[in-house]
Each structure stands twice: as structure tokens, then as C-alpha cells.
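Take a look at the structure below.
The values are calculated or read from the model by the stated rules, or taken from the named source; none is laboratory data. None of these values were measured; they are calculated from a predicted model. Positions of Cβ are generated from backbone atoms using ideal geometry, with glycine treated the same way; all protein chains shown enter the neighbour counts. Ligands, DNA and RNA are stripped out before the accessible areas are found, and what is left, the full protein with its side chains, is counted by its heavy atoms. Shrake-Rupley method; radii C 1.70, N 1.55, O 1.52, S 1.80 Å.
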Amino acid sequence: QVNLVESGGGLVQPGGSLRLSCEASGSIFRIDAMAWYRQGPGMQPELVATVTSGPNTNYSDSVKGRFIISRDSGDNTVYLQMNDLKPEDTARYFCNAYLKVTSYSRVAYYWGRGTQVTVSS
């Protein structure tokens, strides 16, 4: 069984910063990529940022230059440093991992339950 647990969300004023963390634990053979998604009220889920084992990173245009994704492969943890936050960044942020649980299993996606980020004055 694989568990992803996010932390670090909260209420912040516009222009402020937050750092989200997500730790993957359990039966994990290899993590190929980790990502952050978000879903605002009444919105479709949005891919925010990804990091591969390269590590290569990619960002949505809406957060490029403000958010930084990084990964601690030793701890199977991914971080999202969010700077210059805006009200439109308000959403529930979900962690995603693309991984194998054994050497012979297929790669599959796993999700955390999310952490709420609210940007408001």
C-alpha cells in the first residue's frame, strides 16, 4: 500500500509565500515522477508542476516564475515553494506520484488527499 500525505497549506495574504510538502510512504520500488495539482472552487483540476527523476521540472504558465517544485529522492518527498501568491492561487493542492510498487509491477498513479491553500487579505 502506498500513502501520499500533503502538508503546509494554510491562509496567506496576497504576495506571501507557502511551502507545501508531500511524503510518499509504503511499498515503493521506484518513483518516476511527482507532481502537484490543484482544484479551485468550481474549477477543473489543473496540473501545477511536475518533477521527474532526471530531475526535470515543468510548470503551468499560471505559476511559472513564482512556484518551484523540488524533490528529495532519499525521502520520497516532493515540495512546492509558492511565492508571490495571488487570490487566484486559492485551491486545494494535491500531490501525485507515478511509481512502481515492485520491480515487475506496472507504473501507476497515486494521489494524496490534498491540502487547502487560501490566499486572501
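Residues that are surrounded by fewer than 20 Cβ atoms within 10 Å (Cβ to Cβ), part of a strand (DSSP E or B) and modelled with pLDDT of 95 or more do occur in region 37-44, at least one of them.
Taking only pairs six or more apart or across chains, which ones have beta-carbon atoms under 6 Å, a first residue in region 79-97 that is among the aliphatic types (A, V, I, L, M), and a second residue that is not in a strand (DSSP E or B)? Close Cβ pairs (under 6 Å, with a partner that is not in a strand (DSSP E or B)) amount to Leu85/Gly16; Ala91/Gly40. Pairing each residue of region 105-121 that is surrounded by 13 or more Cβ atoms within 10 Å (Cβ to Cβ) with any residue that is part of a loop (DSSP other than H, G, I, E, B) and charged (D, E, K, R), provided the two are 6+ apart or on different chains, yields C-beta distances under 8 Å for Val119/Lys86.
Candidates are the residues of region 94-104 that are crowded, with 18+ Cβ neighbours inside 10 Å and within 13 Å of the chain's Cα centre (by Cα); the one that is farthest from Val48 (Cα to Cα) is Ala97. Within region 74-93, the presence of at least one residue that is over 18 Å from Gly40 (Cα atoms), open to solvent by 60 Å² or more (accessible area, probe 1.4 Å), modelled with pLDDT under 95 and not acidic (Asp, Glu) is confirmed.
Selection within region 9-21: residues that are in a strand (DSSP E or B) and in contact with a Leu (Cβ under 6 Å, 6 or more places away or on another chain). The member of this set that is most open to solvent (accessible area, probe 1.4 Å) is Val12. When Lys64 is tested against the conditions (1) of a type in the set (Lys, Arg); (2) modelled with pLDDT of 95 or more; (3) open to solvent by 20 Å² or more (accessible area, probe 1.4 Å); (4) within 12 Å of the chain's Cα centre (by Cα), the lone failure is (4).
Note on region 73-103: among residues that are of a type in the set (Val, Ile, Thr) and out of contact with any Leu (no Cβ under 9 Å at 6 or more places or on another chain), the one that is farthest from Pro14 (Cα to Cα) is Thr102. What about Thr50, is it assigned to a strand (DSSP E or B), farther than 25 Å from Ser121 by Cα and of a type in the set (Ser, Thr, Tyr)? Criteria met by Thr50.
A Cβ distance below 7 Å, combined with a sequence gap of six or more or placement on separate chains, defines the contacts here; from region 42-61, residues that are in contact (Cβ under 8 Å) with a residue 24 or more places away in the chain reach residues that are in a loop (DSSP other than H, G, I, E, B) and among the hydrophobic types (A, V, I, L, M, F, W, C) in the pairs Val48/Val63; Ala49/Val63.
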